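What follows is a short report on a single structure.
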Amino acid sequence: MCRHLAWLGEPRTLAALMLTPTHGLLTQSYQPRRQKNGRLNADGWGVGFHAAGHRTPVRWRSASPLWNDRSFASVAPVLSSRCVLAAVRSATIGMPVEEGATAPFTDGQWLLSHNGRIERSALPPDLAAESTCDSALLAAYVFAIGPDRLGEIVSSLGHKEPAARLNVLVTDGSRILATTWGDTLSYLVDGDGIVVASEPYDDDPRWVDVPDRQLLEVTVQGIIRTDLEI
Ligand code: GLN
C-alpha cells in the first residue's frame with residue numbers, strides 16, 4: 001500500500017476518515033503530497049474495521065481505484081467505527097493487482113497494511129498468504145511471529161535486506177502500532193481520537209511528523225514513540 005491510515009477513538013464514519021478530508025485517502029489515490037515512491041495509488045483500496053458486537057474485524061477491499069467506487073462512496077457515510085485501518089495501493093513492479101494483494105490483511109484479530117517493498121526471499125518460503133504480493137507475505141509473517149513484536153520484526157528484516165521499505169500499520173481494535181522505515185508517517189491527536197496516516201489529510205497545524213525508523217504505539221491513553229534498533 002502506498003498510503004495508509006488508522007483511527008482509534010470515538011466512532012467516526014469511513015467517509016469522514018477516507019473520503020471527505022481535502023487531502024484524504026481519496027485525494028491521495030490520485031494526488032498524494034508526500035509519497036516517496038510512486039505517484040498514483042490506483043491499484044486498489046481497502047478498509048477494515050472493528051464493529052461493535054462483532055468479534056473479528058470486517059473488511060471491504062477492491063483492486064480498482066478508490067475514485068471509481070460509487071457504491072462505497074454511498075455507504076461510507078453510514079459506516080462508523082472506533083477502530084479503522086484503510087489504505088490505497090500503488091502496486092510494486094512485478095506484484096499482482098488483485099483483491100488478495102490489497103490491504104488490510106488480517107489473521108482474524110489484527111488488521112495490517114504495508115507501505116513499502118520487501119524481497120520475497122527475505123521472508124520464509126512456506127508462509128500461507130492470500131496472495132504472492134510481498135505485502136501479503138509480510139503480513140503472514142508478522143501474524144505468525146506476533147504483531148506485538150512489530151518493532152523487532154521490522155528492524156530485523158530491515159537489516160537482512162537494507163533496500164527494504166517497511167512502513168507497517170497494525171491494529172487489533174484497542175491499539176495501533178506503526179513503523180517508519182523508508183517512507184513518511186504523521187499523526188494527529190484530535191478531540192475524540194487519534195489518527196495515524198502516511199501523510200496529513202488536511203492542513204491542521206497539530207499534525208506531527210514521525211521521523212524515520214521509529215515505532216509508534218497508540219492507545220486511548222496516548223502515544224509512545226521509540227527509536228527502532230538500527
Ligand atoms: N509492495 C506493496 C504492493 O505491491 C506495497 C506497495 C506500496 O507501498 N506502494 O502492494
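Would you point out which residue out of L127, L169, L157 is more than 10 Å from the ligand (Cβ to nearest atom) and in a strand (DSSP E or B)?
Numbers: L127 fails: in a strand (DSSP E or B); L157 fails: in a strand (DSSP E or B).
Exactly one residue qualifies, and that residue is L169.
For region 104-114, state whether one or more residues are at positive phi, in a strand (DSSP E or B) and either away from the ligand (no atom under 12 Å from the Cβ) or in contact (Cβ under 8 Å) with a residue 40 or more places away in the chain (or both).
no
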Review point. Restricting the search to region 130-148, which residues are more than 14 Å from L169 (Cβ to Cβ), β-branched (V, I, T) and assigned to a helix (DSSP H, G or I)?
Key: I145
Review point. So is G46 within 25 Å of A164 (Cα to Cα) and open to solvent by less than 50 Å² (accessible area, probe 1.4 Å) or not?
Key: yes
Review point. Across region 130-141, which residue is least open to solvent (accessible area, probe 1.4 Å) among those that are more than 10 Å from the ligand (Cβ to nearest atom) and touching an Asp or Glu at 6+ places or on another chain (Cβ under 9 Å)?
Key: A139
Point to revise | Test set (1) within 28 Å of Q31 (Cα to Cα); (2) open to solvent by less than 10 Å² (accessible area, probe 1.4 Å) - D212 fails condition number | key: (2)
Revision key, fill the gap. If we keep only residues of region 49-79 that are charged (D, E, K, R) and assigned to a loop (DSSP other than H, G, I, E, B), then the residue surrounded by the most Cβ atoms within 10 Å (Cβ to Cβ) is D69
Review point. Which one of these is out of contact with any Ser or Thr (no Cβ under 7 Å at 6 or more places or on another chain), of a type in the set (D, E, K, R), closer than 29 Å to D203 by Cβ and part of a strand (DSSP E or B): R33, R82?
Key: R82
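The values are calculated or read from the model by the stated rules, or taken from the named source; none is laboratory data. Because the structure is predicted, anything quoted here is derived from the model rather than measured. In this analysis, Cβ positions are derived from the backbone assuming ideal geometry, glycine residues included, and neighbour counts consider all displayed protein chains. Side chains included, ligands, DNA and RNA excluded: accessible areas come from the protein's heavy atoms. Shrake-Rupley method; radii C 1.70, N 1.55, O 1.52, S 1.80 Å.
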